């Protein structure tokens, strides 16, 4: 039987209102001794309100696609994109596309625009407005890198940035394209699977074979393939549906909760 569950958030766990449904909340509360761990490309601040709704506020959090792992609110693993890469990207971009920069619970947006408002609406978190160059300067002084960079803008310009990064930093960066107008950038050395492995080994001592995971997007592929049972929600990308051990209802139809009820006979 499965002893731990990892679930992606956007596209997987949330309903049409981008909230956790009452059915999902009640299902997670019935899990008792089976930890339900949120694993997302979101920042911690955009995950905690969901944890609290489900009554799992005391459990570990995996944010930034595995770039930051928190246990009891403390950082147990942190992998950052070096400032030198961020500087390169900023110089190439020339403030043309929207670059949102993230470190732990800090989110810096360069201006209030369509993209900023959209992310606020999606995540329920407010950014600090600061130009990319100011943030780079600030982080230089604080010896910090970025846990995540989000590039947002017109598809054609996004393609140019994608090609630039893929060509210049193929060994350093993971590029995820959740939509044609978005690129999420993370360090290449981490993934959701490396974060799952870290938590299982160092915190739970549970074998991978007893691990259940849910996802919908490209950044979930390694995790779904690597755990004991990887379940894709019905609305998942074709490549994700292909590697999943099982497919459930869509995220908006409570696919995660319905699978849990079935598998755990709740």
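Numbers for the structure displayed
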{"quantity": "Contour excess over end-to-end distance, with Cα ends at residue 154 and residue 49 and 0.36 nm allotted per residue", "calculated": "34.7 nm"}
{"quantity": "Within a Gaussian network of the chain (alpha carbon springs, distance under 10 Å), most fluctuating of 203, 174, 90", "calculated": "203"}
{"quantity": "For the stretch 134-266: relative contact order, % (alpha-carbon pairs under 8 angstrom, 6 or more apart)", "calculated": "14 percent"}
{"quantity": "Hypothetical label at residue 120: residues of the stretch 132-151 whose amide nitrogen lies under 16 Å (7 Å Cα-Cβ projection)", "calculated": "none"}
{"quantity": "Gaussian network model of the chain, springs between alpha carbon atoms under 10 Å - residue of 202, 217, 132 with greatest fluctuation", "calculated": "202"}
{"quantity": "Cα gyration tensor category, rounded, prolate or oblate, for the stretch 143-248 with a/c compared to 1.5", "calculated": "oblate"}
{"quantity": "Options (i) 0.98; (ii) 1.03; (iii) 0.92 - which one matches Cα Rg over 2.2 N^0.38 Å as calculated here", "calculated": "(i)"}
{"quantity": "Cα centroid separation, the stretch 171-240 to the stretch 17-88 (Å)", "calculated": "13 Å"}
{"quantity": "Fully extended contour minus Cα-Cα distance, from residue 111 to residue 144, at 0.36 nm per residue", "calculated": "9.7 nm"}
{"quantity": "Antiparallel %, DSSP beta bridges [both residues in the chain], to 5", "calculated": "60 percent"}
{"quantity": "Relative contact order (percent, whole number), the stretch 23-174, Cα cutoff 8 Å, 6+ residue spacing", "calculated": "21 percent"}
{"quantity": "Gain on full stretching of the segment that runs from residue 209 to residue 25 - 0.36 nm per residue minus C-alpha separation", "calculated": "63.7 nm"}
{"quantity": "Percentage relative contact order, the chain, counting C-alpha pairs under 8 Å, at least six apart", "calculated": "22 percent"}
{"quantity": "Pairwise FRET efficiency - residue 225 versus residue 247, Cβ, R0 = 22 Å, nearest 0.05", "calculated": "0.95"}
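Bear in mind that the values in this text are calculations on the coordinates, not laboratory data. Here the structure is a predicted model, which means the values were calculated and not measured. Using ideal geometry, Cβ is built from the backbone for each residue, glycine included, and neighbour counts are taken over all protein chains shown.
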